[in-house]
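These notes concern the structure reproduced below.
The values are calculated or read from the model by the stated rules, or taken from the named source; none is laboratory data. All values derive from a computational prediction rather than experimental measurement. Here Cβ is always computed from backbone atoms with ideal geometry, including for glycine, and neighbour counts include all displayed protein chains.
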Amino acid sequence: MSTSNQRLGRTGGLSAIVAFCAALAVVYACGSSPPDNGFGPVTGAGSSGGSSGGSSAHPGTGSSGGTSSGGGNGTGGGPFVIPDASSPKTNAGDATTPVALVPAMGVATASDCTGCTFPPPNAPACATAPAIKIVYPNDTVVVPPNLNVISVHWTPFGPPFTNFEVDFSQSSQTPATDWRIITSCMAQTTDMQTTPPTPSGGCELVVDPASWSKIVGANRGLNSPISITVRGTTDGMCASTSSNTIHMSIAEEDLTGTYYYWKSTITAGQGVGGFIWAKAFGDLANPEVNVTPNPKPLNSTCNGCHSLSRDGSRMVVYSDDNDSDDEYNDVAGSELDMTPLPAGVAVEFAGGITQGGGGGGGQPPGFTTINPQATTYVTSNGSACTTVAGAGGGRGGQGCGGGYATAVPTNGWSVWNAATGAFVNGVAISPTGTRPTMPDWSIDGTTIVYVQPQGEFTTWKQDDAHVYGGSLYTVPYAGNGTFGTPQAILTSAGENNYYPSFSPDQPMSFIIFNRVASMGAAATCTGGFCPDDSFSNPAARLWLMQAPSAANPTPMPVDLQKANGAIDPWSNSYPRWAPFVQNYHGNKILWFTFSSTRDYGLRVLNHKTGMVQCYPADAAETPGGAHKSTFATACQVPQLWMAPIMFAGGQAVTADPSGVAFWVPYQDITSHNHTAQWTQQAPQPPACTCGMLNGACGPANGGCPCCSGQSLVCTATGTCIQVPN
């Protein structure tokens with residue numbers, strides 16, 4: 001396949017085609033933003049997405065991009081270092097050399113439009129053409145430079161339009177951007193919420209890596225946003241411009257790290273299960289990896305709730321069978337040594353669900369947090385267990401796994417040795433009759449933030465996954481499994497505050513959490529549905545508060561309206577920070593992920609008439625849901641989203657500091673995706689040698705790229721070729 005390398009005529013017309021080169025799908029490893037190789041645009045900007053095949057933006061789906069690109073797996077141990085992001089606009093892995101910005105001027109053709117041309121910018125509007133509307137990305141979005149994959153969605157699809165041009169422009173600051181990608185929109189977009197996928201009436205352009213490199217190379221860290229518009233032509237002479245313009249900004253610094261998330265699986269006759277998958281952010285060379293496959297390291301068909309150390313060396317996972325439920329009776333936990341990854345398989349410590357003897361073993365379930373040094377972790381007493389080891393329980397028992405070595409108070413936590421997975425002791429945290437839960441350790445290891453609920457939904461579920469009236473507390477950690485005196489930092493007035501997480505800076509700036517407004521229901525459930533429940537609540541919203549201090553022990557929280565989006569029930573749930581503090585426009589920026597049932601452009605339409613949030617499949621909200629059932633046709637499909645927090649250090653937060661959210665690339669667009677948690681260290685590929693001219697590269701070479709200094713790029717077939725200067 002060939003491609004046109006065109007330049008925009010500054011007097012208004014398109015200049016003649018000046019060069020041709022082979023179609024490349026350029027592969028960049030290690031999660032960095034791709035370098036600008038100086039050879040101009042290439043084909044490979046995927047267009048649309050049918051119901052089969054795959055695209056680089058949507059693994060397992062689409063008709064325009066080949067197989068999924070991207071991924072990464074777990075990381076080993078090593079000393080914990082607080083992230084340092086003190087140098088703005090730096091090259092990935094180099095904290096001293098500022099990136100030199102260069103203009104982005106040119107035209108690329110998508111893979112469905114080889115050799116196409118398009119009317120010039122001053123072409124007249126098409127007389128009878130329908131309005132073009134951009135549906136995704138969201139206006140004012142800010143993205144990391146090494147996002148590397150982003151799609152533009154718009155309507156309508158098909159006649160009278162024959163070709164489209166997606167334009168990226170910025171002229172308020174130097175260097176300027178005027179980058180255009182021509183596509184025929186050969187295939188209509190499909191809604192992947194339905195089975196089989198159904199047409200959704202629009203077009204999608206997946207921006208190719210070379211074009212993304214050009215756009216980033218001209219706009220990284222600029223104050224002026226890029227304007228994204230779509231033009232359509234009906235006859236090759238006229239061109240109508242989209243009714244809306246999307247403004248997108250590129251952050252200054254690459255975001256590195258690995259996130260681990262739960263992805264659903266469906267087994268006919270058994271129900272819904274799932275596994276934990278790992279992905280290095282921005283890594284196009286390596287696909288995401290299942291780090292908890294059955295039977296090794298865990299003999300289970302649903303490995304779900306998980307907690308990781310910030311260095312990625314340890315993970316605690318809670319396992320169930322794939323029977324579509326959400327109760328603790330058959331759940332038990334294991335600690336995994338993740339350091340054998342990526343070359344090997346994680347190792348389960350003794351006492352886990354497999355090493356502990358399957359049905360009779362495993363750690364009692366609850367919410368876990370691991371300290372930054374990966375030496376200690378604590379877990380809530382999720383099922384209010386009083387069972388000691390050897391007294392029964394286990395998966396299929398009473399929700400107490402293999403029991404505790406000694407008694408753990410129901411108003412406290414169990415303490416474990418993260419180096420070995422061994423039980424240390426139980427410790428009381430809150431007053432008798434309360435259930436402290438959902439702990440999260442601060443980056444300096446001195447404090448834990450947690451939830452003290454008003455109660456649990458005992459008429460529906462009897463565990464700490466289903467709580468209401470949550471207040472937020474902090475408790476100092478004194479070492480050796482002991483704690484100081486808890487302090488209330490956000491007292492519930494009826495609303496439910498839950499899933500708190502400390503920001504990764506030091507001293508800590510924020511606590512992000514979920515809130516469900518009080519519905520006046522308290523512990524009242526109707527038909528099994530509890531409106532104030534913390535579990536998979538469609539009304540969940542993202543909130544933020546400053547971390548408490550001596551001067552401000554009970555900060556006022558703010559609703560993250562921009563990240564939350566509309567007031568519609570989008571189930572914006574389980575926010576977790578990426579572990580890096582970075583610079584942005586002279587201030588600071590933090591990133592966080594969360595799951596949401598909002599629509600992803602035209603590819604996942606979750607809010608058609610009659611649709612509901614119904615995870616798990618046997619939830620009360622699920623029409624006809626039952627034990628061991630699969631997802632109903634009206635079930636929404638949660639996906640992972642990401643947004644920034646932009647702030648000045650030490651400044652009081654009185655207004656929403658968030659940005660609008662973007663869909664996280666590389667994830668499976670067909671599965672239910674939840675609970676992304678981050679590790680600081682990105683995984684490193686096994687030792688290998690860079691590819692020479694005509695040699696192997698990318699996945700064909702163990703993830704290693706082409707050798708530098710020779711103008712080599714890696715093709716889609718995994719071969720290093722030389723590009724013209």
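Quick look at the values:
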item: Where a residue in region 232-246 is modelled with pLDDT of 95 or more and crowded, with 22+ Cβ neighbours inside 10 Å and its partner, wherever it lies, is among the hydrophobic types (A, V, I, L, M, F, W, C) and part of a strand (DSSP E or B), with Cβ under 7 Å and at least six apart; result: Gly232/Phe164; Ile246/Ile134; Ile246/Ile228
item: Condition check for Leu205: surrounded by 24 or more Cβ atoms within 10 Å (Cβ to Cβ) and closer than 21 Å to Val141 by Cα; result: yes
item: Criterion: acidic (Asp, Glu), over 25 Å from the mean Cα position of the chain (by Cα) and not in a loop (DSSP other than H, G, I, E, B) - qualifying residue of Glu165, Glu204; result: Glu165
item: Cross-chain or 6+ apart pairs with Cβ under 7 Å, region 304-329 first and within 22 Å of Pro342 (Cα to Cα), then among the hydrophobic types (A, V, I, L, M, F, W, C) and at pLDDT below 80; result: Arg310/Phe80; Asp311/Phe80
item: Odd one out for Phe513, checked against (1) of a type in the set (A, V, I, L, M, F, W, C); (2) under 17 Å from the mean Cα position of the chain (by Cα); (3) within 27 Å of Gln680 (Cβ to Cβ); (4) outside any strand (DSSP E or B); result: (4)
item: Matching residues, region 207-236, being more than 24 Å from the chain's Cα centre (by Cα) and among the hydrophobic types (A, V, I, L, M, F, W, C); result: Ala218, Leu222, Val230
item: Failed condition for Ser430, given (1) farther than 18 Å from Ser501 by Cβ; (2) surrounded by 17 or more Cβ atoms within 10 Å (Cβ to Cβ); (3) at pLDDT below 95; result: (3)
item: Matching entry among Tyr498, Tyr477 (being at pLDDT 95 or above, more than 15 Å from Gly382 (Cβ to Cβ) and either out of contact with any Asp or Glu (no Cβ under 8 Å at 6 or more places or on another chain) or of a type in the set (A, V, I, L, M) (or both)); result: Tyr477
item: Strands (runs of 3 or more DSSP E) enclosed by region 218-295 - at least 1 residues per element that are more than 30 Å from Ile182 (Cα to Cα); result: 258-267, 271-280
item: Wholly within region 119-162, strands (runs of 3 or more DSSP E) carrying at least 2 residues that are of a type in the set (A, V, I, L, M); result: 133-136, 141-143
item: Considering residues of region 296-307 that are assigned to a loop (DSSP other than H, G, I, E, B) and of a type in the set (Ser, Thr, Tyr) only, the residue modelled with the highest pLDDT; result: Ser300
item: Every residue from region 434-458 that is part of a strand (DSSP E or B), acidic (Asp, Glu) and over 15 Å from Ser383 (Cβ atoms); result: Asp440
item: Close pairs (8 angstrom Cβ cut-off, 6 or more residues apart or separate chains): over 26 Å from His672 (Cβ atoms) and touching a residue at least 60 places away in the same chain (Cβ under 8 Å) in region 555-571, buried (at least 18 other Cβ atoms within 10 Å of the Cβ) and aromatic (Phe, Trp, Tyr) anywhere; result: Pro557/Phe513; Pro557/Trp543; Val558/Trp543
item: Residue in region 308-321 that is part of a loop (DSSP other than H, G, I, E, B), among the polar types (S, T, N, Q) and modelled with pLDDT under 90 present; result: no
